[in-house]
1. Suppose we filter A:285, A:298, A:308 for residues that are outside the structural domain of residue A:363 (by TED's automatic domain parsing) and in contact with a Lys or Arg (Cβ under 8 Å, 6 or more places away or on another chain); which single one remains?
2. Restricting segment A:83-98 to residues that are in a loop (DSSP other than H, G, I, E, B) and out of contact with any Gly (no Cβ under 8 Å at 6 or more places or on another chain), which is farthest from the other protein chains (Cβ to nearest Cβ)?
3. Anything in segment B:1-35 that is facing chain A (nearest Cβ under 10 Å) and touching a Ser or Thr at 6+ places or on another chain (Cβ under 8 Å)? List them, or say none.
4. Restricting to segment A:331-381, give me the number of residues that are assigned to a loop (DSSP other than H, G, I, E, B), of a type in the set (Lys, Arg) and over 23 Å from residue A:90 (Cβ atoms).
5. When only residues in segment A:194-236 that are within 17 Å of residue A:426 (Cα to Cα) and aromatic (Phe, Trp, Tyr) count, which is nearest to the chain's Cα centre (by Cα)?
6. Could you check segment A:52-82 and list, in sequence order, the residues that are assigned to a helix (DSSP H, G or I) and hydrophobic (A, V, I, L, M, F, W, C)?
7. Looking only at segment B:34-80, count every residue that is of a type outside the set (Asp, Glu), out of contact with any Asp or Glu (no Cβ under 7 Å at 6 or more places or on another chain) and part of a loop (DSSP other than H, G, I, E, B) and tell me the total.
8. Working only within segment A:99-149, note down all residues that are part of a helix (DSSP H, G or I) and away from chain B (no Cβ under 11 Å).
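The values are calculated or read from the model by the stated rules, or taken from the named source; none is laboratory data. If you're wondering where the values come from, they're calculated on a predicted model, not measured in any experiment. Ideal geometry is used to build each Cβ from the backbone, glycine not excepted, and the neighbour counts take in all protein chains shown.
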Amino acid sequence: MTKRLIAIAVSFALVGSLFVGCGQKAAAPAEEPKKEAAAAETKKEEKKEEKKVAGKLLWSSHRTDFQTTVLPEYIKEFNQQFPDVKIEIETYKDYYDTMKVKMSSNDMPDIWTTAGDKFTREQRQAASVDVSDIAKDYQGTDLFQGADNKVYGIPTGMSATAVVYNKKLFKELGIEVPKTLDEFIAAGKKIKAAGKVGLATAAKAKWPLSNYWFATPDTIAGEIDIKNKYANEDEPFNPDNALVKSYMLLKKFKDEGILEKDPVSADWEPMKKEFRAGNVGMFYLGNWFIPQAIGEALKTEDVGFFPLPYDNDPNTNCVAMGPDVGWAMGKNSKAPEAQKAFYTWLVDTKHVDWANKTGLLPAKNGAKADAAWVTEFNSFNPKPLTGKGDTKELNDIVNKVQFDNMAFAQDILAGKDLNKMFADLNAKWKKARGK
Amino acid sequence: MQQKVILAAFLTVPVLLLIMFLVYPTLRLFYMSFTDWDGAMPTKNFVGMDNYVTVFTTPEVWLSLRNNLYYIANGILQNIIALFFAIILDSKLKGKNFFKATIFVTYVINSAAVGYMFNYVYDFEKGPLNIFLTMMGVEPIPFLTHPIIVNVSIACVSLWRYTGYTMVLYLAALQSVPSELYESAMVDGASAWQRFTNITIPSIIRVVELNLFLCLSGGLQAFTEAFIMTKGGPGYDSSTFLTYIIKAAFEFNSFGLSAALSFALLILILVVTYIQRKVVLRGGGDEGDALYKA
């Protein structure tokens, strides 16, 4: 009998603990307004006594490699001015997917990394604080706009999409920086003949191929956001179309044999190592790759950057340029004062330093980068094209078609029939627009 | 009365857990499949059957489902190999524990690690397989880039990984077959093949069914290897149903569609399992039971 009673008691205790667990969670949000109220009070006090900003912040970043180096250094420097602000660091490998989960649960970090192509306008607006007043001094902020056309992030720097090349190898083989497409292919063949990779794609990783969707069509057309026009056409993909030309270029590189032996099996990390070891001639990427390309075999002066010669006219030097990722303030911070203080400090004082560390061109108006590759790159007279980003119409069609540009590029490299692929795409495009 | 109270009290916790972590999410998934939720925004709109129409009219979905067939075919091959090994290891063999452990150990390794490992094995230029082939004077094979070969390559990884597990299940079943049956059959002059088809198979038919179920549902849910090794590439050539679900959710920002896909998969597995039970147990199961009763 007693045993049974004990059993009943224990099981009720178990059930009860479940509810207790739930109850506590439900109670937590109620505390938040109190905290906000407390923050508001401290705000009043601060007006009297400046620099008394305090609070706990969470800085989340996609740079896992900076977790123990650059990020703590910045915080240390910031704490000299604002000793009462405690900042914790979080970095994730699958950064943007993690952020989407946080977004859906309304749990954004105080400072986070936003990206133009990873979130929709509505998502950006819902997750971050409006920074339009700061954005006036920066380029490329169009890509961080919300649905209300306000700016929700400041670019950490600008990135041009062009060719990162191994200067040392070019010198050894006696290759000049190519100005036309024919010269470019000849250079690739020469490097290939020396037993190295002419132009690396790292196609297995998929994302390096996205340049043929985001950047090359604009440069070929010589105007920004050319793809937005396609949203108004039923069957845009004919041979005159810049996007078709862009993928034709990729096909040409493959047919001429200047890529890896089997591009689709070349992954990003191995190709990066190969480049560092000096076994790759050229890589069509953004300038952010330059600091990562420098290693034992290649010194800073051995890596250069030139515009991709997409046709045989030596005077067409368009280069697609866009903001890299951006810094954003998460909504509903528990310490908005401290958040704002750290954010403005980060954006104001660390912009150029971060750009240098990550191989970017500064996005701040008037700020100058002094790296050697920048000087060399500018000597080719590049005409930068900075777009405003995809329109909602284009986005909707692309999502409806379920078009994966990287899978598309992989198919080309795997040798599928390009004409049939574009015919299929035209058909799907028309159908998606019809809805 | 008291007994009922105790029963209820003890059942409350597991049932609540089940509702919290299985029933509720499933219902929620079902609800989500009728919305256009993008996975991040708090708002979602009801779109009716749109997502299900998309599921059935997208060629990539069917292509992905076709790729799952490679895994199912491979699963059947895996069962044959595993049964073969199990029968060999069930006999009096020297060092059979060593062989058992060797075959089973592949199952213990973390599947992500296996994926990365085979990435190197299958590498076009530096993979040991292709280096060996080149040494033999054969053209290197594009294991992970040919539209057909890529599926076979990845399916072979799961074959390599799960054969040991299937074998252990068969081995346990085989050891429970009473040896007198074999002895009396041998006295009656039955050949090895006759003993296999008339004694072994009916005795272990339940385990065969279990293994075939695991093979079918595993084949339909093939994911880790393809996701890690090729991300479904080149293009959609090695995309499986599950990698497509992930893609719909995180690349096309369409959680609604991906919920609809998941639900379709759930239904598909239920239907296929039902048919399979009907086919495999066509009288065979009862015979097996009758054998034990006799």
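1. Result of the check over A:285, A:298, A:308: A:298.
2. Only one residue tops the list, namely A:83.
3. B:6, B:9, B:10, B:12, B:13, listed by residue number.
4. 1
5. A:213
6. A:66, A:70, A:71, A:75, A:78
7. Adding up the residues that qualify gives 9.
8. A:132, A:133, A:134, A:135, A:141, A:142, A:143, A:144
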